[in-house]
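The values are calculated or read from the model by the stated rules, or taken from the named source; none is laboratory data. It should be emphasised that the depicted structure is a prediction, and the values quoted were computed from it without experimental measurement. Cβ: placed from backbone, ideal geometry, glycine included. Neighbour counts: every protein chain shown. All accessible areas refer to the heavy atoms of the entire protein, side chains included, with ligands and DNA or RNA removed. Shrake-Rupley method; radii C 1.70, N 1.55, O 1.52, S 1.80 Å.
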Amino acid sequence: MSIRLKIAILLLATIMVGISGCERDDICAAATPTTPLLIIRFYDADEPSEFKEPIDFAVSTALEDGTIDTTAYASDSIAIPLRTQLDLTSFNFILNISNPVDDPELTPPNTDVLNISYTRTEDYISKACGFRITYDMLNRQILPGDDNDGWIQDVIIDETSLTEQTNAHIRIFH
Amino acid sequence: MKLHLQNKPMRTYVFFISLLILGTSISFGQEQIDQDTTAVVKERYGLRVGLDLAKPVRSLLDKNYQGFEIVGDFRLRERYYLAAELGNEKRTTDLPNVNVTSNGSYIKAGLNYNAYNNWLGMNNLIYVGGRAGFSSFKETLNSYTIYTTNDLFGDDTRTDSREFSGLSATWLELQLGLQAEVFNNVFIGINVQLKSRITESAVDDFGLFYIPGYGKTTDGSKFGAGYGYTLTYFIPLFKK
């Protein structure tokens, strides 16, 4: 075998090893920035620099199929998804969710409605992850809900454009 | 030894055997002939043309693939061959979040160097080749998913088809292969191709998935690989 052929085979083997070391194209790595979640931080309305966790708190939202999803949170910071197919996502923020409505001993559930409106931009990520939506011109509307008793004092939007999810985008005072 | 030389299938058989016992058997056989024969036998020069069989076979087996390729080479000097491939491919890349069809034509041209020391009268090749490749193609985004880490609002898969046309790419290729004469002037060959992209179109807010002639592209890598199974016919033109 000629020396040239030996060199070629060696080169071939080296490149083959290089190719096999490449990342796979069909698994979206968890660290990849995809469609960002909306991060909300809760503050004390009386002490605006202090975090305040809403007690016995849940977020409920109407889904496409007509059902309502209710998710409980026990933190002063929550991350919730926005709709990727509509320019508006409506949430019910409920305090004292586990209390019965008709028990005079306990504080009944208190629902406030938070409507988040925005514009959407489609953005290509990679072969593995496909596309994502980024949001811009975030705006909000707070309604006291059917109980006509608002527990949210104020909502401040700090980031009107939603492209990442490392910091809080919205502050809620209650 | 002379008996073997007159028997073509046997010679081909010996050629493959010699591949397995590379090196020693080749040089041993060569020395024997040099001693036996003194008559000058002229080598045949000409054009070899044919098809890459791997592509039509894959077209039958894989519903996401259609392709064909014409291959050819022309013997320039004792060990050097001018070689080229011309083809068309249509490939649908079906990933969990994206489905894209790439469709286009390509040409590859370069040289093959025959590193094999043939026995007298044989025309087999074990070659190392270099190619420059050019591909002109388009991509059609058939469907895609908006990727979310929270699936509360369900799967958002969109099917509004989008076309990215006028795309092109160039690459350099290292080819390693062999060609064996199985009948008079009929050759079968196998080869592996290693490729490195040199230029490629930047697709506006999208990526390249498959480049006809080059093959699948991987995010973050300039390298690709391919293979071929060729069936070719040698048209002798002159001897020298």
- prompt: Which condition does residue B:236 not pass, out of (1) of a type outside the set (Lys, Arg); (2) more than 10 Å from chain A (Cβ to nearest Cβ); (3) within 12 Å of the chain's Cα centre (by Cα), if it passes all the others?
  reply: (3)
message: Please go through the range B:119-154 and give me each residue that is more than 30 Å from residue A:60 (Cβ to Cβ) and open to solvent by 40 Å² or more (accessible area, probe 1.4 Å), ordered by number.
response: B:120, B:121, B:132, B:134, B:136, B:138, B:142
query: Just one of the numbered conditions (1) outside any strand (DSSP E or B); (2) at positive phi is not true of residue A:100; which one?
result: (2)
field: Residues satisfying the stated conditions in the range B:178-205, i.e. more than 23 Å from residue B:140 (Cβ to Cβ) and surrounded by fewer than 19 Cβ atoms within 10 Å (Cβ to Cβ)
entry: B:182, B:183, B:184, B:185, B:186, B:188, B:190, B:192, B:196, B:198
task: Just one of (1) surrounded by fewer than 16 Cβ atoms within 10 Å (Cβ to Cβ); (2) outside any strand (DSSP E or B) trips up residue B:208, so point out which.
output: (1)
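Output the number of residues of the range A:126-144 satisfying the condition of being open to solvent by 40 Å² or more (accessible area, probe 1.4 Å), outside any loop (DSSP other than H, G, I, E, B) and farther than 18 Å from residue A:160 by Cβ.
1
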field: Flag if residue A:120 is in a strand (DSSP E or B), open to solvent by less than 60 Å² (accessible area, probe 1.4 Å) and in contact with a Ser or Thr (Cβ under 8 Å, 6 or more places away or on another chain)
entry: no
task: Under 9 Å between Cβ atoms, at least 6 apart or on separate chains: pull out the pairs that start in the range B:117-129 with a residue that is farther than 15 Å from residue B:76 by Cα and end on any residue that is in a strand (DSSP E or B) and acidic (Asp, Glu).
output: B:122/B:181; B:124/B:181
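Residues to consider are B:222, B:239; find the one that is touching a residue at least 60 places away in the same chain (Cβ under 8 Å) and out of contact with any Cys (no Cβ under 7 Å at 6 or more places or on another chain).
Values: B:222 fails: touching a residue at least 60 places away in the same chain (Cβ under 8 Å).
Step by step, each of B:222, B:239 is checked, and only B:239 is touching a residue at least 60 places away in the same chain (Cβ under 8 Å) and out of contact with any Cys (no Cβ under 7 Å at 6 or more places or on another chain).
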task: Quick one: residue B:213 ticks every box in (1) touching a residue at least 60 places away in the same chain (Cβ under 8 Å); (2) open to solvent by 60 Å² or more (accessible area, probe 1.4 Å); (3) not basic (Lys, Arg); (4) not in a strand (DSSP E or B) except a single one, so which number is it?
output: (2)
- request: Of all residues in the range B:116-165, count the ones that are hydrophobic (A, V, I, L, M, F, W, C), within 13 Å of chain A (Cβ to nearest Cβ) and in contact with a Ser or Thr (Cβ under 8 Å, 6 or more places away or on another chain).
  value: 5
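Tally up the residues in the range A:41-76 that are part of a loop (DSSP other than H, G, I, E, B), within 19 Å of the chain's Cα centre (by Cα) and within 14 Å of another protein chain (Cβ to nearest Cβ), please.
Matching residues across the range A:41-76 total 2.
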